[in-house]
Number of protein chains: 2
Amino acid sequence: MSDHHVVVVGGGFGGLQLVNGLKGAGVKITLIDRRNHHLFQPLLYQVATTILATSEIAWPIRHLYSDRPDVTTLLGDVMGVDKVAKTVTLRDGPTISYDTLVLATGATHAYFGRDDWEPVAPGLKTLEDATTIRRRVLLAFEQAETASDPAVRDALLTFVIIGAGPTGVELAGIIAELAHKTLPKEFRNIDTRKAKVMLVEAGPRVLPTFVPELSEYALKALNDLGVEVRLGKPVTQCTADGVQIGDEFVPCRTISWAAGVQASPAARWLDIPADRAGRAIVEKDLTAPGLPDVFVIGDTASVMQESGAPVPGVAPAAKQQGGYAAQVIRARLTGKTPPVFKYRHQGSLATIGRSAAIADFGRIKLKGGLAWWIWGIAHIYFLIGTRSRFAVAWSWLWIFLSGQHSARLITQRETIPDKK
Amino acid sequence: MSDHHVVVVGGGFGGLQLVNGLKGAGVKITLIDRRNHHLFQPLLYQVATTILATSEIAWPIRHLYSDRPDVTTLLGDVMGVDKVAKTVTLRDGPTISYDTLVLATGATHAYFGRDDWEPVAPGLKTLEDATTIRRRVLLAFEQAETASDPAVRDALLTFVIIGAGPTGVELAGIIAELAHKTLPKEFRNIDTRKAKVMLVEAGPRVLPTFVPELSEYALKALNDLGVEVRLGKPVTQCTADGVQIGDEFVPCRTISWAAGVQASPAARWLDIPADRAGRAIVEKDLTAPGLPDVFVIGDTASVMQESGAPVPGVAPAAKQQGGYAAQVIRARLTGKTPPVFKYRHQGSLATIGRSAAIADFGRIKLKGGLAWWIWGIAHIYFLIGTRSRFAVAWSWLWIFLSGQHSARLITQRETIPDKK
């Protein structure tokens with residue numbers, strides 16, 4: 001094994017693909033993450049909506065590399081990079097030297113300068129975010145069941161989701177199904193079928209990255225599930241009492257945020273230019289400008305396609321970038337010329353509730369049942385390991401057979417933010 | 001349906017069995033619990049030790065009674081009972097009138113007057129307790145991997161479990177297996193096989209409610225798993241630095257408490273006599289003295305058998321009491337003479353790690369593999385519903401096949417209590 005030390009920060013889709021791509025390359029790898037687990041973010045909304053258990057979509061990172069003695073996994077919070085000394089500094093921990101550094105630190109949700117909204121309108125990026133949303137949604141129904149004031153009860157039975165990208169659409173669809181199909185028989189004082197689920201989007205249509213025809217279909221599927229969709233109106237205020245949408249104030253106690261993303265501070269650590277969302281603008285080989293030994297990949301990098309369009313912030317793109325960076329590192333070690341990065345778009349999928357979905361594979365566009373099956377099979381396929389595939393398939397099959405969600409737990413006490 | 005209103009506080013084994021027993025009795029039932037889920041406590045230690053997911057052993061209570069329109073489920077925290085007005089008061093909620101009240105509020109862990117130990121030595125009664133212990137155990141290994149000071153590393157790799165009843169023995173066994181069998185291949189800087197797992201018991205033997213011969217076997221099985229057992233020495237201090245056991249101070253960062261239980265405040269709410277552990281001393285028909293309309297059952301009641309021995313605080317005993325109280329309520333409503341409560345001991349089971357167990361069915365006493373299979377089958381059988389039985393069986397089968405635990409997640413950030 002050579003002495004070359006590759007330090008990878010972030011065990012998401014990009015980071016793991018990079019480590020996988022360096023198998024047998026004869027380098028020493030240190031993989032650092034703030035969490036002990038890799039998270040399958042595309043299904044995180046299913047934890048938030050009581051369909052899946054946390055452990056079904058998360059795997060201890062170090063376990064994935066138990067058979068790779070070249071990989072050392074560290075749980076640590078990176079505080080910064082010294083690009084001259086070529087070191088990474090961990091909070092309360094050692095300083096780690098690198099020969100090659102790969103920053104694959106992802107993104108988090110952004111409130112467009114209104115970070116004060118976060119406590120009342122949590123986003124969905126971590127397992128804790130998911131269990132927070134799950135707790136709030138379930139608690140709202142519980143509190144409505146004992147509420148004596150009709151106005152309070154109505155606010156408790158109003159659920160607002162902000163942002164109609166895939167996550168917002170998925171959340172709204174499942175919360176509507178929960179209220180209108182799963183829960184009605186279980187409450188005695190309230191009629192959960194009267195719960196209002198509202199999806200708010202500042203732009204003119206839902207799922208704006210899809211073609212208008214598929215957006216149309218998704219909108220109809222949402223309406224069929226009983227979701228009220230408000231398009232073309234920005235949210236101007238979020239409080240514990242409700243949401244201001246254009247001129248309208250909607251009293252509600254449960255708000256979920258799916259409206260914006262902000263890159264992690266990789267660009268700041270390196271002191272290099274970033275785009276508006278904070279993504280580091282990188283070279284064609286995914287290295288930082290002027291720092292050939294530092295790669296920035298995945299959601300924290302701004303990469304342009306030949307067409308001039310940006311590479312989208314999706315899991316397949318992060319994986320391709322991780323695999324590419326591994327190729328470049330291997331090529332350099334053997335004195336070969338590295339290839340050029342080219343993003344191959346494999347198609348887009350989105351699901352609306354338990355039976356509708358849309359798929360766009362370029363020339364082939366699908367909607368309805370077939371798209372839903374493709375969505376389901378693709379997601380099971382991309383899970384890691386037999387155990388998870390089996391467990392998720394079983395949870396889905398169970399819901400299909402019984403209509404009952406399996407993970408309806410209120411854990412980690414917290415009350416809904418009180419009124420002032 | 002008659003107007004008779006039965007209020008049940010607590011959705012544990014006793015409370016659910018009572019509600020089940022009143023099916024078709026023509027009464028109105030309100031079931032109140034602080035949590036939205038019934039918890040299968042006998043397997044809680046498996047959540048704490050990364051074997052099972054939280055949702056595999058917990059079920060939303062209201063879902064269990066979706067087909068029982070006579071049952072209203074409320075999420076609420078009972079603050080007290082007015083036995084003259086015959087009402088129950090909820091925190092921030094309505095006051096609820098009862099004709100018959102059943103208190104089945106269970107027990108929590110007790111620190112024998114040293115409640116200040118709780119932050120460093122958490123007990124195991126709720127899902128949050130389980131995920132707290134899981135997080136601390138996993139974090140200790142993670143922090144040991146980056147620790148530079150050998151003394152700190154050794155303290156991080158020392159796990160002390162206080163109390164050698166079934167929970168303490170089960171925790172110690174699985175933590176030892178985790179350290180010695182599951183984790184070694186995944187760490188590069190530490191040898192997890194050198195981790196020290198110590199089970200401390202003030203009394204003279206482990207599992208003291210079993211016969212000495214079975215305790216002997218359990219002690220040997222613990223030793224085989226690499227657990228250091230300290231008998232006959234009380235713990236006199238717990239801090240973030242370690243545990244004082246007799247004259248010996250053991251530096252350690254992860255302490256689990258499995259030493260004592262304290263009944264819930266049912267006796268205090270009713271202002272009736274209690275035993276040393278706070279359990280309400282009840283009449284032969286499980287009603288509170290002088291309050292024939294108030295039953296106290298399960299772990300919060302002190303009930304004597306004909307032999308003079310107390311009814312043990314185990315799930316089957318709580319279930320029998322719940323079923324019995326339902327019979328008494330039914331008999332009263334129909335003017336019949338209620339039966340006399342008689343506890344039938346169905347046997348005791350305890351497990352030590354992944355392959356050893358002991359079973360005591362009175363004349364038949366078992367140890368080893370057969371006892372382990374009986375333990376496993378009995379626990380799967382007593383879970384609620386096909387989905388959970390299948391999911392738990394799958395998790396166990398997977399561990400059996402792969403040796404890999406499925407729920408190794410560090411969630412809900414918290415650092416191990418810092419040194420002063």
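Just so you know, all these numbers are worked out from the coordinates, no wet-lab data involved. Just so it is clear, the structure is predicted and the values come from calculations on it, not from any experiment. With ideal geometry, Cβ positions are generated from the backbone for all residues, glycine too; neighbour counts draw on all protein chains shown.
General remarks:
- Restriction of the chymotrypsin sites (Phe, Trp or Tyr not before Pro) in region B:72-151 to DSSP coil positions whose beta-carbon has at most 13 other beta-carbons within 10 angstrom yields B:Phe112.
- Take each residue of peptide A:61-68, count the partner chain Cβ atoms within 10 Å of its Cβ, and average: the result is 4.
- Extension gain for B:Ile384 to B:Phe361 (0.36 nm times residue separation, less C-alpha to C-alpha distance): 5.9 nm.
- Rounded FRET efficiency, nearest 0.05, which uses the C-beta distance separating B:Arg268 from A:Gln404 and R0 of 51 Å: 0.85
- In order through region B:252-266: 3J(HN,Hα) via Karplus (6.51 cos²θ - 1.76 cosθ + 1.60), integer Hz, x for Gly, Pro: 7, 10, 10, 10, 10, 10, 9, 9, x, 10, 10, 5, 5, x, 3
- Length-normalised contact order of chain A in % [C-alpha pairs under 8 Å, at least 6 apart]: 19 percent
- Residue among B:Thr209, B:Thr30, B:Thr300 with the largest mean-square fluctuation in a Gaussian network model of chain B, springs linking Cα atoms under 10 Å: B:Thr209
- Amide N proximity, region B:191-212 versus B:Ser307 label position 7 Å along Cα-to-Cβ, cut-off under 18 Å: B:207-212
- With each label modelled as a point 7 angstrom along the Cα→C-beta vector, the A:Asn223-A:Ala85 pair spans 6.2 nm.
- In percent, rounded to a whole number, the relative contact order of region B:115-259 is 33, using alpha-carbon pairs under 8 Å and six or more apart.
- Region A:1-40 and region A:218-249: distance between their alpha carbon centers, rounded to Å: 41 Å
- Taken residue by residue and averaged, Cβ atoms of other chains lying within 10 Å of the Cβ of B:49-55 number 5.
- Multiplying the residue separation of B:Asn189 and B:Leu231 by 0.36 nm and subtracting their alpha-carbon distance yields 11.8 nm.
- Count of lysine pairs in region B:115-259 with Cα separation under 17 Å (8 or more residues apart, or interchain): 4
- Most to least packed among B:248-257, B:389-398, B:79-88 [average Cβ atoms within 10 Å]: B:248-257, B:389-398, B:79-88
- Whole-number Å³ per residue for the convex hull built on Cα positions in region B:115-259: 104 Å³
- Neighbourhood charge, 15 Å Cβ-Cβ cut-off, centred on B:Thr72 and excluding it, Lys, Arg +1 and Asp, Glu -1: -3
- Amide hydrogen neighbours beyond the local backbone of A:Leu74, cut-off 5 Å, H modeled: A:Leu31, A:Ile32, A:Asp33
- Adding -39500 (n - 2.57) for every DSSP H run of four residues or longer, then dividing by how many residues chain B holds, sets the calculated 222 nm ellipticity at -9000 deg cm²/dmol.
- Sorted from nearest, the other copies put their B:Pro234 label points 6.8 nm away, the label point being 7 Å from Cα in the direction of Cβ.
- Measuring from each Cβ of chain B to the axis carrying B onto A, the nearest residue and its distance in whole Å come out as B:Ala53, 2.
- Charge context of A:Glu213, other residues only, Cβ under 13 angstrom, K/R +1, D/E -1: +2
- Each peptide in A:35-43, A:368-376, A:401-409, A:304-312 gets a packing score, the mean of other Cβ atoms within 10 Å over its residues, and the list from highest to lowest is A:35-43, A:401-409, A:368-376, A:304-312.
- For chain B, the spread of Cα coordinates along the three principal axes comes to 71, 48, 40 Å, biggest extent given first.
- Extent of region A:1-121 along its three principal axes (Cα atoms, max minus min coordinate, largest first): 49, 33, 23 Å.
- Relative to the current alpha-carbon distance between A:Lys342 and A:Asp92, full extension at 0.36 nm per residue lengthens the span by 86.1 nm.
- Inverse mean reciprocal Cα-Cα distance (Kirkwood Rh) of region A:106-147, Å: 11.7 Å
- Residue with peak Gaussian network fluctuation, chain A [Cα springs, cutoff 10 Å], from A:Arg153, A:Arg344, A:Arg136: A:Arg344
- When the Gaussian network model of chain A links Cα atoms closer than 10 Å, the mean-square fluctuations of A:Glu177, A:Glu142, A:Glu56 top out at A:Glu142.
- Label-to-label distances for B:Gly26 across copies, nearest first, come out at 8.8 nm, using points 7 Å from Cα in the beta-carbon direction.
- Note on region A:314-405: the alpha carbon radius of gyration divided by the globular reference 2.2 N^0.38 Å gives 1.47.
- Semi-axis lengths, largest first, of the ellipsoid equivalent to the protein assembly as shown are 48, 36, 22 Å, with √(5λ) applied to each eigenvalue of the Cα gyration tensor.
- Of the DSSP H helices in chain A, those whose Cα atoms cover at least 24 Å axially and whose Kyte score averages 0.5 or more: A:385-402
- Virtual spin-label span in nm between A:Gln244 and A:Ala151, 7 Å along Cα→Cβ: 1.8 nm
- Distances from A:Asn189 to itself in the other copies, using label points 7 Å out along the Cα-Cβ axis, amount to 5.4 nm in increasing order.
- Span from the region A:334-413 Cα centroid across to the region B:102-150 one, whole angstrom: 36 Å
- Relative intensity, log₁₀ I(q)/I(0), of region B:236-347 from a Debye sum that treats every alpha carbon as a point, q = 0.16, 0.17, 0.21 Å⁻¹: -0.77, -0.83, -1.09
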